[in-house]
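This is the structure I have questions about; it appears just below.
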Amino acid sequence: MTKSIYDQLNASGTIAKQRVVETFSGDALDTDRWSTHATGSGTEEFVMGDEVNGGLLIKSRPNGAAIIDFGASDATKKRPFSQTGSVMIVTSKMIQAQYSVQYNGFRTNYYTEAGKNVIMNIQGTTNGNSYDNKIMLQSNNPSTSVDTSIASSAIHDWHTYKLELLSSSSTLSVDGALSSTGFATGSCNPDTRCQPSLVSSAAEGSVTGGAQSHYRYCEVYNT
Amino acid sequence: MAYKQHFIEWFSGKSLPSYWTLTQIVSTCTATMADSVDGGMLFQTDSGAGSPSASLTFNNKRQYVATGFKFISVCKKNDDLLGIKGGMGSSTSVNPDHHAFMIEGTLASYKTLATKDGSTGTETASSIALSQDAFAYDIEGTTSNVTLGINGSIAVTKTTNRPTDPLQPYLYIQSRTSAAVKDYNVRYLECYNT
């Protein structure tokens with residue numbers, strides 16, 4: 001007897017909340033679901049990788065950012081996730097060692113507009129920035145940066161990140177850590193409903209060919 | 001065992017996937033993603049007085065077996081003067097010749113299971129009241145009956161006038177009684193052959 005996905009995800013009798021599972025597989029990014037954006041000058045790419053476990057490759061412009069989210073415009077952005085009760089799970093990898101950053105998480109705003117966010121920030125070596133070679137829980141509401149203490153030698157490995165927005169705080173877990181190394185918590189939340197946002201970007205310098213990140217899984221749901 | 005057809009729609013993203021077909025039946029309705037927490041897909045009537053209505057289907061790509069399917073959805077409506085349907089149907093019309101639908105709102109007095117066997121359509125009401133609350137429902141078609149479950153419990157079992165032709169997922173909205181823009185939010189849909 002075939003079982004439903006619904007029954008595997010939800011306890012019997014539960015009225016499921018919003019969820020999306022993106023496996024980044026196929027010949028192209030699903031642009032019904034995702035909007036693509038870029039800043040800086042040059043050419044960006046959002047392409048499926050022709051390699052085992054490659055998923056989606058996001059390549060920024062050499063001095064800018066490449067972004068996917070649920071916002072085709074400021075007026076039509078879609079934010080179905082709760083700022084006080086939602087989870088984002090991402091499996092990703094950042095490629096370049098220098099001037100590259102990857103930040104993924106929840107955002108209230110269209111990418112060119114002001115707003116609030118809580119993100120997982122994966123940063124390589126820049127120009128001596130205090131966030132260099134760290135994986136951090138970060139937010140601008142209020143300004144928060146909490147290091148997960150992942151070793152700098154592991155920054156560019158594949159990791160699975162779980163970012164959770166709680167009632168008055170947020171947590172970031174790397175590869176299943178529940179405390180200590182690989183875990184961070186901060187008293188920060190966005191101030192209204194959110195959309196998911198995945199970003200590969202240059203930081204404090206130009207990256208020849210653009211900053212590259214692979215994404216092979218993204219799941220977002222309200223708790 | 002060979003894998004059978006199985007479909008999941010999360011109704012999340014910037015726009016409704018293009019594999020859905022919106023069929024206008026009366027006036028003009030829209031199907032867009034909602035900018036609200038747990039809003040999913042917003043199926044919405046216009047404000048006309050002539051019972052604006054529409055269906056959302058796979059444009060008659062019917063891959064599901066009437067005597068061996070399960071359909072699951074989570075939805076809510078925002079107006080008591082609104083009729084909604086969800087389930088499996090054989091066409092894009094308001095009353096497909098073959099169907100197994102959950103109907104709610106002013107189309108019924110309680111959450112109801114409606115089926116049609118090609119010529120005759122009948123309805124069996126549950127004891128679960130109409131409401132504007134979100135609810136999960138499932139419809140299962142077997143060789144002996146069709147069941148409607150509400151929030152995890154079977155509410156109706158129906159043996160008469162069951163569909164026999166191949167089916168597609170089907171959602172329907174109809175504004176009734178008053179003229180206003182009305183909302184039917186659907187945040188999950190799954191269907192598969194059992």
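Values quoted throughout were computed directly from the atomic coordinates according to the rules given, and no laboratory measurement underlies them. Since this is a predicted model, take the numbers as computed values, not measurements. FYI the Cβ positions are ideal-geometry reconstructions off the backbone, even for glycines, and counts take in every protein chain you see.
Would you count, across the range A:18-222, every pair of lysines whose alpha carbons are under 20 angstrom apart, provided the pair is eight or more residues apart or spans two chains?
7
Further question on the same structure: Can you find, among A:Ser149, A:Gly115, A:Met136, the residue farthest towards the positive end of the dipole of the range A:18-222? Put +1 on the C-beta of Lys and Arg, -1 on that of Asp and Glu.
The listed residue farthest towards the positive side: A:Gly115.
I would also like to ask the following. Where the only charges are on Cβ atoms (+1 Lys, Arg; -1 Asp, Glu), what is the dipole of the range A:18-222 about its Cα centre, to the nearest 20 debye? Walk me through the numbers before you get to the answer.
Numbers: 14 positive and 19 negative charges, 87 e Å.
Value, rounded to 20: 420 debye.
Can you check what the net charge comes to around B:Thr194, using other residues whose Cβ is under 9 Å from the Cβ of B:Thr194 (Lys, Arg +1; Asp, Glu -1)?
It works out to a net charge of +1.
Which residue, chosen from A:Asn104, A:Ser167, B:Ile25, occupies the Cα position most advanced towards the positive end of the dipole of the protein assembly as shown, where the dipole is computed from +1 (Lys, Arg) and -1 (Asp, Glu) charges on Cβ about the Cα centre?
B:Ile25
List the pair-distance distribution P(r) of the range A:147-223, using every Cα-Cα distance, as the percent of pairs falling in each 10 Å bin from 0 up to the bin containing the longest distance, rounded to whole percents.
Cα pair-distance distribution for the range A:147-223, in percent: 14, 41, 37, 9, 0.
Dipole magnitude of the range B:39-155 about its Cα centre, charges +1 at Lys/Arg Cβ and -1 at Asp/Glu Cβ only, in debye to the nearest 20?
The dipole magnitude comes to about 260 debye.
Taking 0.36 nm per intervening residue step and subtracting the Cα-Cα distance, what contour gain separates B:Phe135 from B:Ser109 on full extension?
Here the segment from B:Phe135 to B:Ser109 would lengthen by 7.7 nm.
I'd like the distance between the alpha-carbon centres of the range B:19-72 and the range A:1-24, rounded to an integer number of Å.
For the range B:19-72 versus the range A:1-24, the Cα centre distance is 21 Å.
Any chance you could check the Cα centroid distance between the range B:153-180 and the range A:193-223 for me, in angstrom?
The range B:153-180 and the range A:193-223 have Cα centres separated by 42 Å.
Rg to Rh ratio, the range B:22-91, alpha-carbon atoms and Kirkwood radius?
On the Cα set of the range B:22-91, Rg over Rh gives 0.98.
Could you work out how much longer the chain between A:Ala177 and A:Ser12 gets when fully extended? Use 0.36 nm per residue separation minus the Cα distance between them, nm to one decimal.
Taking 0.36 nm per residue and subtracting the Cα distance, the gain is 56.5 nm.
Let me confirm one metric for peptide A:74-80, namely the mean number of other chain beta-carbon atoms within 10 Å of its residues' beta-carbons.
Mean shielding count: 6.
Something else now. Computed on alpha carbon atoms, what radius of gyration and Dmax characterise the protein assembly as shown, expressed in Å?
Answer for the protein assembly as shown, Rg first and Dmax second: 23.3, 75 Å.
Let me ask another. Taking each residue in A:189-202, count the Cβ atoms of any other chain within 10 Å of its Cβ, then average. What number comes out?
1
Excluding same-chain residues fewer than 8 positions from B:Lys85, which aspartates and glutamates have a Cα within less than 16 Å of its Cα?
Straight-line reach from B:Lys85, under 16 Å: B:Asp97, B:Glu104, B:Glu123, B:Asp133, B:Asp138, B:Glu140, B:Asp183, B:Glu190.
Here's a follow-up. How crowded by other chains is A:3-14, given as the mean number of beta carbons from other chains within 10 Å of each beta carbon? Write down the numbers at each step before the final one.
Values: counts 3, 11, 7, 10, 5, 0, 2, 5, 1, 3, 6, 4.
The mean count of partner-chain Cβ atoms within 10 Å per residue comes to 5.
Compute the Kirkwood hydrodynamic radius of chain B, taking the inverse of the mean of 1/r over all pairs of distinct Cα atoms, and give it in Å to one decimal.
One over the average 1/r among Cα pairs gives 16.3 Å for chain B.
Can you check what the net charge comes to around A:Gln212, using other residues whose Cβ is under 13 Å from the Cβ of A:Gln212 (Lys, Arg +1; Asp, Glu -1)?
On the way: positive: A:Lys59, A:Arg61, A:Lys93; negative: A:Glu44, A:Glu45, A:Glu51.
Spelling it out: positives minus negatives among the neighbours equals 0.
Let me ask something additional. Under 10 Å, Cα contacts only: if you run a Gaussian network model on chain A, which one of A:Val90, A:Val52, A:Val174 comes out with the highest mean-square fluctuation?
In the Gaussian network model the winner is A:Val52.
A further question follows. Let's test the formula: R0 of 30 Å, r as the Cβ-Cβ distance of A:Ser168 and A:Asn53. What FRET efficiency results, to the nearest 0.05?
In this case the efficiency is close to 0.20.
Here's another thing I want to ask about it. Once label points are set 7 Å from the Cα along Cα→Cβ at both A:Thr2 and B:Val26, what is their separation, rounded to one decimal in nm?
Result for the modelled spin labels: 3.5 nm.
Here's another thing I want to ask about it. What chymotrypsin sites (Phe, Trp or Tyr not before Pro) in the range B:1-51 are in a loop by DSSP, with at most 11 other Cβ atoms within 10 Å of the Cβ?
On the way: sites: B:Tyr3, B:Phe7, B:Trp10, B:Phe11, B:Tyr19, B:Trp20, B:Phe43; in loops: B:Tyr3, B:Trp10, B:Phe11, B:Tyr19, B:Trp20.
Here the chymotrypsin sites (Phe, Trp or Tyr not before Pro) that fit, given the DSSP loop and packing criteria, are B:Tyr3, B:Tyr19.
Moving on. A:Thr144: net charge of surrounding residues, Cβ under 14 Å, Lys/Arg +1, Asp/Glu -1, itself excluded? Please list the in-between numbers first.
Details: positive: A:Lys116, A:Lys134; negative: A:Asp147, A:Asp191.
Value of the local net charge: 0.
Just to be sure I understand: if I project the alpha-carbon convex hull of chain A onto a plane and average over all orientations, what area do I get in nm²?
13.4
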